[in-house]
1. Consider Gly135 against the criteria (1) touching a Ser or Thr at 6+ places or on another chain (Cβ under 6 Å); (2) of a type in the set (Gly, Ala, Ser); (3) modelled with pLDDT under 95: it satisfies all of them except one. Which criterion is unmet?
2. Among the residues of the range 68-82, is any surrounded by fewer than 20 Cβ atoms within 10 Å (Cβ to Cβ) and modelled with pLDDT under 95?
3. What is the number of the single condition among (1) surrounded by 20 or more Cβ atoms within 10 Å (Cβ to Cβ); (2) in a helix (DSSP H, G or I) that Val50 does not meet?
4. Given the criterion surrounded by 15 or more Cβ atoms within 10 Å (Cβ to Cβ), over 21 Å from Leu58 (Cβ atoms) and in contact (Cβ under 8 Å) with a residue 60 or more places away in the chain, identify the matching residue among Ala188, Ala168.
5. Show the residue pairs meeting these rules: Cβ distance below 8 Å; 6+ apart or different chains; first residue within the range 124-152 and more than 23 Å from Gly14 (Cβ to Cβ); second residue of a type in the set (Val, Ile, Thr) and surrounded by fewer than 20 Cβ atoms within 10 Å (Cβ to Cβ).
6. Write out, first by first residue and then by second, each pair whose Cβ atoms fall under 6 Å of each other, whose residues are 6+ apart or on separate chains, and whose first residue, in the range 2-28, is in a strand (DSSP E or B) while the second is of a type in the set (D, E, K, R).
7. In the range 34-47, what residues are surrounded by 14 or more Cβ atoms within 10 Å (Cβ to Cβ) and over 24 Å from Asp71 (Cβ atoms)?
8. Hey, among the residues in the range 120-145 that are touching a helix residue (DSSP H, G or I) at 6+ places or on another chain (Cβ under 7 Å) and among the small types (Gly, Ala, Ser), which one's surrounded by the most Cβ atoms within 10 Å (Cβ to Cβ)?
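The values are calculated or read from the model by the stated rules, or taken from the named source; none is laboratory data. This is a predicted model, so every value here is computed, not measured. Because the Cβ atoms are built from the backbone with ideal geometry, glycine has one as well, and the counts that use them run over all protein chains shown.
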Amino acid sequence: MANVVITGANRGIGLAMTQAYLAQGHRVYGLCRAASEALKNSGAEVIEGVDISDFERLSQTLAPLQGVTIDTLVNNAGILGRETLDDLDVASMERQFRVNALGPLKLTQALLPNLKAGSKVALITSRMGSMGDNGSGSRYGYRMSKAALNAAGVSLSRDLADKGIAVAILHPGYVQTDMVNHNGDVTAEYSAQGLMQRIAQLNMENSGTFWHAQGQVLPW
């Protein structure tokens, strides 16, 4: 039985991964700002009040994890804005950078004492952060913040290599969640299975790779 920590576990992909890891017999710590009924009833150890963008309080809200060895850390929490060139909402873009890029990095740093050789860190990013795969433009804050998260993931894979900790940079697919008004191509449960397969296959040799949940290596 492994200890799995998942941020944004109250709904969507995070909830689906929480339920799937629990079904496999693992102990899951579900982190969120406010727990949904589904998360409360899932059987996970729920840690509420965790806002990954509130750096000043992060250590305090993560206190329930003190002394817990983390086998898999899934940085899933994120937000989506809809900026266009005609409507550049700078405040929204800054918020997305703080939540989508800086938040996972700060949380991973805060939980480094909980990680050990053989632990795995997964960053749930998006192919919208890929410059080689950008065919439609727009969504400036989301694209830029996810590109920054991808860069952070590669740096983490280098910095954690001597500790024996591997890092996966994962695109979940276009998933039917609240974030996209349930307009996606795949269910959260289907995406979760693919993400978990990639995490299971993660090792020190492929650490720092940018994958689609279904296994394709994506362009930067």
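1. Among (1) touching a Ser or Thr at 6+ places or on another chain (Cβ under 6 Å); (2) of a type in the set (Gly, Ala, Ser); (3) modelled with pLDDT under 95, the lone unmet condition for Gly135 is (1).
2. yes
3. Here Val50 meets the rest and fails (2).
4. Ala188
5. Listed pairs, sorted by first residue: Ser138/Thr84; Tyr140/Thr84.
6. Close Cβ pairs (under 6 Å, with a partner that is of a type in the set (D, E, K, R)) amount to Asn3/Arg27; Asn3/Asp71.
7. Ser36
8. Among them, the one singled out is Ser145.
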